[in-house]
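Quick notes on the structure that follows.
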Amino acid sequence: MVQTKPLAAARWRSGRWRLRNPDRVIAVLLVLPSLAAIAVFVYGFIGFTAFASLTRWDNLVPDFSWVGLENYFRLFNTQRFQIDLRNTVTFTSLFLLTSLALGFALAVLLDRRIRGEGIFRSLYLFPLALSFIVTGVVWRWLLNPGSAELGSTGVNLLLDRVGLGALKSGWYTDPRIGIKAVVIAAVWQMSGYMMAMYLAGLRGIPEELREAALVDGASEFQVYRHIIVPLLHPITLGALIILGHISLKIFDLVVAMTGPGPGFSSDVPALFMFDTTFRGNNFAQGAGIAIILLVMVAALIVPYLIYSLRTEVQR
Amino acid sequence: MLLITGLKSFEEVNLYRMWDLPTRFSLDSFLKAWFGSESQGFRGINSNFWNSVRLAVPATLLSAALGSLNGYVLSKWRFRGADGLFTLLLFGMFIPYQSILIPLVQLLSRIGLYGTIPGLIFVHVVYGIPITTLIFRNYYATVPGELVEAAKIDGAGILGIYRHVVFPISMPAFAVVMIWQFTSIWNDFLFGVIVTPRPAVQPVMVALNNLAGSYIVEWNVQMAGALLAALPTMLVYVVLGRYFMRGLLAGSLKG
């Protein structure tokens with residue numbers, strides 16, 4: 001006990017600590033506040049939410065009596081939540097497929113080095129600078145079906161004018177369409193992003209590769225099918241991860257555009273969580289929805305993060 | 001093409017109104033959206049716009065500073081377990097914020113930051129750590145290690161190297177991070193609506209949603225409000241689009 005002090009001091013003087021350690025210590029001290037903040041605000045808070053979802057806390061006064069998985073059982077038996085999960089599946093699959101396809105098509109077109117490429121690129125990327133709230137407000141107006149007395153508005157009016165009045169629809173006011181109307185707005189906002197990613201990827205493919213295949217007698221389509229698309233797989237994976245986690249969490253856009261919609265036809269888990277927690281004060285149930293959301297996102301993200309950590313260590 | 005139609009329609013917002021009310025085309029709806037209308041009883045978004053400025057500017061600066069230091073340490077002063085910690089940090093970027101909102105509100109109200117702009121600044125800085133650290137770390141990875149080693153041999157310490165070697169060449173990364181953070185904080189809705197329930201304190205996106213959600217407000221005023229609320233990020237995009245692009249691609253991890 002008495003000896004440790006002089007020993008440390010001797011080591012200090014011997015130079016090993018003096019030369020290297022101060023900087024090492026400062027390095028750790030510099031990142032410590034951030035790491036601590038993430039530890040508490042991300043992992044600690046998730047832990048608390050998970051705990052709260054196992055309690056009976058269903059009003060403003062915290063009640064931490066343990067109920068086990070009861071909240072989850074009740075949730076899965078709630079009609080609104082069942083609709084929400086179905087909507088999430090519909091929204092995610094449609095949104096991902098359409099954005100990827102559209103983004104890829106736009107990138108291929110722009111890759112042809114057409115004139116005014118810069119202008120097109122800026123135009124397509126422009127929606128990304130906007131808030132989902134702005135997009136939602138504008139699209140709510142565009143897809144507003146109008147009323148019988150005042151006539152059509154927005155897109156319906158446009159369809160009327162170009163003689164496609166038959167395609168008019170109630171959009172988000174029609175329970176059969178519901179969340180699919182939100183897909184339109186989301187695709188409008190995000191497909192430019194996919195275009196930018198694919199364009200960067202296409203530009204990274206050496207021209208010779210393409211030419212060699214063409215010389216070998218491959219058709220333009222075959223070149224894309226067998227050479228370009230496989231080379232772009234890593235980008236498609238990254239794009240799926242990004243769109244996927246946005247899609248599972250979608251909230252702002254739905255709030256601003258449609259709200260839960262008729263018969264919850266455009267409702268999503270994030271919105272249900274907000275309603276039940278901060279309007280209904282049913283904290284335990286809200287925590288349960290939040291944890292289910294987190295599990296869905298983690299199932300998508302964690303394998304990807306581990307994969308990129310591994311590949312980075314290999315490098 | 002959907003995108004073009006979408007963009008055109010955005011401009012047509014004004015055209016439609018012009019057709020509907022040709023005699024009254026003026027800045028009227030913009031003034032109404034900005035100042036509100038007492039007779040119709042709704043708030044304008046002007047004070048909320050300034051709330052957003054007071055929120056986004058300091059939060060952007062703070063999180064850029066933090067991200068720069070973190071990125072510097074995690075790329076040039078790696079300690080054991082640094083990569084694992086970094087991955088744990090990154091996960092914070094993807095979580096649905098719903099999973100932290102309940103304890104967040106509890107904590108903020110306990111420390112007296114609930115319902116205030118400083119509270120929102122704090123929240124955005126904390127949850128901005130992962131993305132800002134990521135962008136700076138990727139940027140510093142391109143800075144040759146010899147530069148740091150040479151400065152070390154010259155006897156510079158960790159902070160000295162940061163100040164005299166690393167910080168002066170960080171401007172491109174600062175531009176990317178600040179544009180990214182400013183845009184996301186300005187466009188945020190979830191934290192705004194949860195942390196600041198009082199209309200007078202809310203940021204502009206929450207105010208816009210309230211404006212658009214009220215049935216007494218005409219469509220043209222809503223559109224004018226949307227345009228006003230989007231103006232700063234639109235401006236950033238038009239003026240600094242190049243850096244905006246880079247932020248997007250950086251945000252897509254190693255894509």
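Annotations
- Residue check for A:Ile83: touching a residue at least 40 places away in the same chain (Cβ under 8 Å), surrounded by 19 or more Cβ atoms within 10 Å (Cβ to Cβ), of a type in the set (A, V, I, L, M, F, W, C) and touching a Leu at 6+ places or on another chain (Cβ under 7 Å): no
- Any helices (runs of 4 or more DSSP H) falling wholly within segment B:147-198 and containing at least 2 residues that are touching a Leu at 6+ places or on another chain (Cβ under 6 Å) and either among the hydroxyl-bearing types (Ser, Thr, Tyr) or within 13 Å of another protein chain (Cβ to nearest Cβ) (or both): B:190-195
- Reported count of residues in segment A:111-142, each being at pLDDT below 80, within 11 Å of another protein chain (Cβ to nearest Cβ) and not in a helix (DSSP H, G or I), is 0.
- Of all residues in segment B:51-79 being among the charged types (D, E, K, R) and at the interface with another protein chain (Cβ under 10 Å from one of its Cβ atoms), the one that is farthest from A:Val42 (Cα to Cα): B:Lys76
- Residues that are among the β-branched types (Val, Ile, Thr), facing chain B (nearest Cβ under 10 Å) and under 20 Å from the mean Cα position of the chain (by Cα) within segment A:251-295 comprise A:Val255, A:Ile289, A:Ile291, A:Ile292, A:Val295, listed in sequence order.
- Search result, residues across segment B:87-100 that are more than 7 Å from chain A (Cβ to nearest Cβ) and either crowded, with 22+ Cβ neighbours inside 10 Å or outside any helix (DSSP H, G or I) (or both): B:Tyr97
- Residue in segment B:114-127 that is assigned to a helix (DSSP H, G or I) and over 30 Å from A:Leu60 (Cβ atoms) present: no
- Residues that are within 13 Å of chain B (Cβ to nearest Cβ) and in contact with a helix residue (DSSP H, G or I) (Cβ under 7 Å, 6 or more places away or on another chain) were ranked within segment A:222-235; the one that is surrounded by the most Cβ atoms within 10 Å (Cβ to Cβ) is A:Ile235.
- Entry remark, segment A:26-66: residues being crowded, with 17+ Cβ neighbours inside 10 Å and touching a residue at least 12 places away in the same chain (Cβ under 8 Å) number 8 in total.
The values are calculated or read from the model by the stated rules, or taken from the named source; none is laboratory data. These numbers come from a predicted model, not from an experiment. Positions of Cβ are backbone-derived with ideal geometry, glycine not excepted, and every protein chain shown enters the neighbour counts.
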